[in-house]
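Values quoted throughout were computed directly from the atomic coordinates according to the rules given, and no laboratory measurement underlies them. Quantities reported herein were computed from a predicted structural model and do not represent experimental measurements. In this analysis, Cβ positions are derived from the backbone assuming ideal geometry, glycine residues included, and neighbour counts consider all displayed protein chains.
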Amino acid sequence: MKTKVFIDGSAGTTGLQIYERMAKRDDIELITLTEENRKDANARKEAINSSDITFLCLPDAAAVEAVSLAGDKVRIIDASTAHRTNDAWAYGFPELSAEHRAAIADSKRVANPGCYASGFISLVYPLVKAGVIPADYPVTSHAVSGYSGGGKKMIATLEGADKTFEMNSPRQYALGQAHKHIPEMQKICGLTYRPMFNPIVDDYYAGMVVSVPIIARTLPKKYTPADIREILAAHYEGQRFVKVMELGGTETLPDGFLPANTLEGTNNMQLFVFGNDEQILLCSRLDNLGKGASGAAVQNMNIMLGLDEGLGL
């Protein structure tokens with residue numbers, strides 16, 4: 001029997017990518033709405049409750065509304081920010097721990113992680129759990145992403161006639177330290193204080209690198225880059241989609257540069273440890289539309305259905 005899937009918000013960037021992945025599978029029956037019905041509450045309610053799995057690819061308020069339309073039978077994967085810090089929802093990053101994976105498998109409500117948050121949490125969560133970084137550590141992070149993370153409007157602007165001269169350069173934003181991913185970064189990692197986060201959007205389509213600098217002398221005990229890499233490698237041992245790279249990243253760094261777009265179109269994530277005994281730089285590279293959005297959502301669905309987690313990925 002095929003799994004019935006409804007994508008609420010299938011016209012958006014994440015929704016379209018999930019739709020494309022689902023359309024290629026012979027174990028999935030897609031429930032679709034006509035253009036005139038896709039914003040009709042009654043039509044959406046019927047579609048949601050006729051499905052086995054519903055993906056929510058909506059603004060936060062619309063995602064909350066969609067959940068209110070759903071009965072107890074349907075299982076929901078929410079790609080919005082709305083439920084990522086809600087304790088009643090499983091957090092959809094299975095590689096973080098066996099407990100996270102089990103919660104996803106058993107839950108009817110799964111919050112898909114944010115793209116920047118996925119990169120940040122992949123680095124910080126294991127180190128807090130291992131006691132390397134204290135919960136009250138003043139964590140900072142900077143990140144660069146392709147413009148597809150800004151959604152259909154930004155894509156249209158960057159690829160259209162309205163593109164300005166300034167858009168040819170990297171552009172920092174969320175400068176007031178209120179980026180929507182910060183709450184989940186703090187909560188999931190168990191940090192006492194909000195991390196300081198500096199996101200940058202650049203003039204390329206997809207892919208991101210999230211970086212976290214660590215000043216060795218501020219840690220409770222001495223750790224070298226090799227120590228940190230070993231801790232991360234042990235944490236993610238055996239994971240299919242998260243790989244801790246060689247110390248210093250020499251196996252993948254052309255000419256000493258760390259490009260952000262090399263994982264476009266994949267559900268992979270690569271973790272790097274750079275620096276020296278005084279200053280350690282951690283980097284997480286992923287596709288903001290893959291492991292940072294649609295790929296992670298499909299992986300979570302596979303786990304919820306008891307399938308091979310890489311099916312369709």
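Right, G249: of a type outside the set (A, V, I, L, M) and closer than 18 Å to F274 by Cβ or not? Considered against the rule, which asks whether it is of a type outside the set (A, V, I, L, M) and closer than 18 Å to F274 by Cβ, G249 comes out as yes. Within the stretch 97-143, take every residue that is β-branched (V, I, T) and over 22 Å from R229 (Cα atoms) and give me the one that is surrounded by the fewest Cβ atoms within 10 Å (Cβ to Cβ). Restricting to residues being β-branched (V, I, T) and over 22 Å from R229 (Cα atoms), the top hit is I104.
When we screen R229, R285, R217 for residues that are surrounded by 15 or more Cβ atoms within 10 Å (Cβ to Cβ) and either over 23 Å from the mean Cα position of the chain (by Cα) or within 28 Å of D78 (Cβ to Cβ) (or both), the only hit is R285. Where strands (runs of 3 or more DSSP E) fall entirely within the stretch 225-313, those with at least 2 residues that are more than 19 Å from M22 (Cα to Cα) and touching a residue at least 60 places away in the same chain (Cβ under 8 Å) are at 269-275, 279-286. Residue pairs, Cβ under 6 Å, 6 or more apart or interchain, first in the stretch 162-180 and surrounded by 10 or more Cβ atoms within 10 Å (Cβ to Cβ), second part of a loop (DSSP other than H, G, I, E, B). List them. Pairs that qualify, where the first residue is surrounded by 10 or more Cβ atoms within 10 Å (Cβ to Cβ) and the partner is part of a loop (DSSP other than H, G, I, E, B), are N168/D203; K180/T81. Any residue in the stretch 242-251 that is within 18 Å of the chain's Cα centre (by Cα) and crowded, with 17+ Cβ neighbours inside 10 Å? Among the residues of the stretch 242-251, at least one is within 18 Å of the chain's Cα centre (by Cα) and crowded, with 17+ Cβ neighbours inside 10 Å, which makes the answer yes. Where strands (runs of 3 or more DSSP E) fall wholly inside the stretch 1-100, the ranges with 2 or more residues that are out of contact with any Phe, Trp or Tyr (no Cβ under 7 Å at 6 or more places or on another chain), free of Cβ contacts under 8 Å to residues at least 40 places away in the same chain and at negative phi are 28-31, 75-78.
I'd like to know if the stretch 124-139 contains one or more residues that are more than 23 Å from A234 (Cα to Cα) and in contact with a strand residue (DSSP E or B) (Cβ under 9 Å, 6 or more places away or on another chain). Yes, the stretch 124-139 contains at least one residue that is more than 23 Å from A234 (Cα to Cα) and in contact with a strand residue (DSSP E or B) (Cβ under 9 Å, 6 or more places away or on another chain).
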